[in-house]
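Participant: Quick one: the structure is below, and I'll ask about it shortly.
The values are calculated or read from the model by the stated rules, or taken from the named source; none is laboratory data. Just so we're clear, the structure is a prediction, and the values are computed from it rather than from any experiment. All Cβ positions, even for glycine, are placed from backbone atoms using ideal geometry, and neighbour counts span all protein chains on display. Just the protein is used for accessible areas: all its heavy atoms, side chains included, with ligands, DNA and RNA removed. Shrake-Rupley method; radii C 1.70, N 1.55, O 1.52, S 1.80 Å.
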Amino acid sequence: GGLILFAIFSLVMDVFKIGYYSSFYSCLSAIKIIYPIVQAIFVVVQTYFLWVSAKDCIHVHLNVTRCGLMLTLTTNLAVWMSAVTDESVHKAHSKLKKNMTEEIFRWLLKGNLPLLGMRSSSVDECNCKSQICQIFKNGYFWLYPFNIEYSLFASAMVYVMWKNVGRFIDHHSHHIQRLKFRLFRRTFFVGIMLGLIILVSGLGVLILYEVQVNSSTESSKKSQALTMYYIFNIVCLSLMSLVCIGGSVIYRFDKRDMDRHKNPTRTLDVALLMGAALGQYAISYYSIVAIVASTPRDTISALNLTYALLMIAQHTFQNVFIIEGLHRQPP
């Protein structure tokens, strides 16, 4: 289900890219327009393949199957790298155009036309001036995260399929647990409501923060927006840390055994979980170093330091809680 959701948004992004590049196709290389078309076909075919075959455990043509799955995995990683690079270049050009005069930007653009895949020496022909072109341009830029997540999502699923090729499952230790969600039973409803409240509040705070920081020229309003942003995140991180600690304590009173059997899906889950946390650990670490080394120290710096420390604590407690839960036997 998650794969299909990201696939739909990736297809919309490809449509927007095709529309954007078609607006000035006369000064672009053909590969610029062909690439999103081929990528859309790849997304459709791969999504259908994973939807039909994700649970298959292949025991015939093992080498051919492994080769095909590994080729698919590396293709997804290549698409992911391409999307990240394209998004970074787009952000760099946006900042360049915002911070420099139009004449300097055009001069630099003329000098870099071969790097951008443009064939014409006229910059005016390659500018996105129409309203529909601007919509396509902004649309595909905001949809990049969905395409990035789709590539990672598909890579993880293909990797698990690759690990399961030729695998024999011990049916004595294989438990089938059917989850039954009852919305108004016990604390399930309360958890969903609290989560939705935090989600909506977070979106509201993020929108207010972006509007205040980008539109206001007064430093006092920017400081207020930063203060609001940090206080909200500090409260959320504190609550999440307490909840994860409480969940780990509850596990100590649980009488279920730990599942120590080999499981490629669980192993990948743990590896991705720890790998993703390393990035946030690094950001928090460098933030702490920068805050401690900087002067003067004001309220924003104190809030930023608290936020960075809580981010490390929250990710640690959350990872411990999730990993313990992944290794629990079903009831």
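Participant: Which residue, chosen from G166, F317, A225, occupies the Cα position most advanced towards the positive end of the dipole of the chain, where the dipole is computed from +1 (Lys, Arg) and -1 (Asp, Glu) charges on Cβ about the Cα centre?
Facilitator: About the Cα centre, the residue reaching furthest to the positive side is G166.
Participant: Still on this structure, I have one more. If you place +1 on the Cβ of every Lys and Arg, -1 on the Cβ of every Asp and Glu, and leave all else neutral, what size is the dipole of the stretch 184-330 about its Cα centre, to the nearest 20 Debye?
Facilitator: Charge dipole of the stretch 184-330: 480 debye, to the nearest 20.
Participant: Okay, moving on. Can you list the residues, at least 5 places off or on another chain, whose amide H is less than 5 Å from the amide H of R328, using H built in the peptide plane?
Facilitator: Correct list: D259.
Participant: Continuing with this model, one more query. Using amide H atoms built in the peptide plane, which far-off residues or other-chain residues are under 5 Å from L28 H to H?
Facilitator: Hits under the 5 Å cutoff: R119.
Participant: From the phi angles alone, apply the Karplus equation (6.51, -1.76, 1.60; θ = phi - 60°) to the stretch 19-34 and give each ³J(HN,Hα) in whole Hz, x where the residue is Gly or Pro.
Facilitator: Karplus-based 3J(HN,Hα) across the stretch 19-34 equals x, 5, 5, 5, 5, 9, 5, 5, 10, 10, 6, 5, 5, 4, 8, 5 Hz.
Participant: Per the helix-only calculation at 222 nm, which mean residue ellipticity applies to the chain, given -39500 (n - 2.57) for every DSSP H run of n ≥ 4 and division by its residues, nearest 500 deg cm²/dmol?
Facilitator: Value at 222 nm, helices only: -26500 deg cm²/dmol.
Participant: Find the Rg to Rh ratio for the chain, where Rh is the Kirkwood radius over alpha-carbon pairs and Rg uses the same atoms.
Facilitator: Dividing the radius of gyration by the Kirkwood radius yields 1.01.
Participant: At a Förster distance of 51 Å, what's the computed FRET efficiency of K55 paired with A293, Cβ-Cβ distance as r, to 0.05?
Facilitator: Once the sixth-power term is evaluated, E becomes 0.45.
Participant: Quick check: at a probe of 1.4 Å, how many percent of the accessible area of the chain sits on carbon and sulfur atoms?
Facilitator: Roughly 68 percent of what the probe reaches on the chain is carbon or sulfur.
Participant: Quick check for me: using +1 on Lys/Arg Cβ and -1 on Asp/Glu Cβ, what's the dipole size of the chain about its Cα centre, in debye to the nearest 20?
Facilitator: 620
Participant: Modelled label-to-label distance, Y25 and L152, 7 Å Cα→beta-carbon offset: nm?
Facilitator: Computed distance between label sites Y25 and L152 equals 3.4 nm.
Participant: Excluding ligands, DNA and RNA, what is the solvent-accessible area per residue of the chain at a probe of 1.4 Å, expressed in Å²?
Facilitator: 65
Participant: Oh, and also: What are the ³J(HN,Hα) couplings of the stretch 287-303, residue after residue, when phi is run through the Karplus curve with 6.51, -1.76, 1.60 and θ = phi - 60°? Round to Hz, x for glycine and proline.
Facilitator: 5, 4, 4, 5, 5, 5, 7, 8, 9, x, 9, 10, 5, 4, 5, 5, 5
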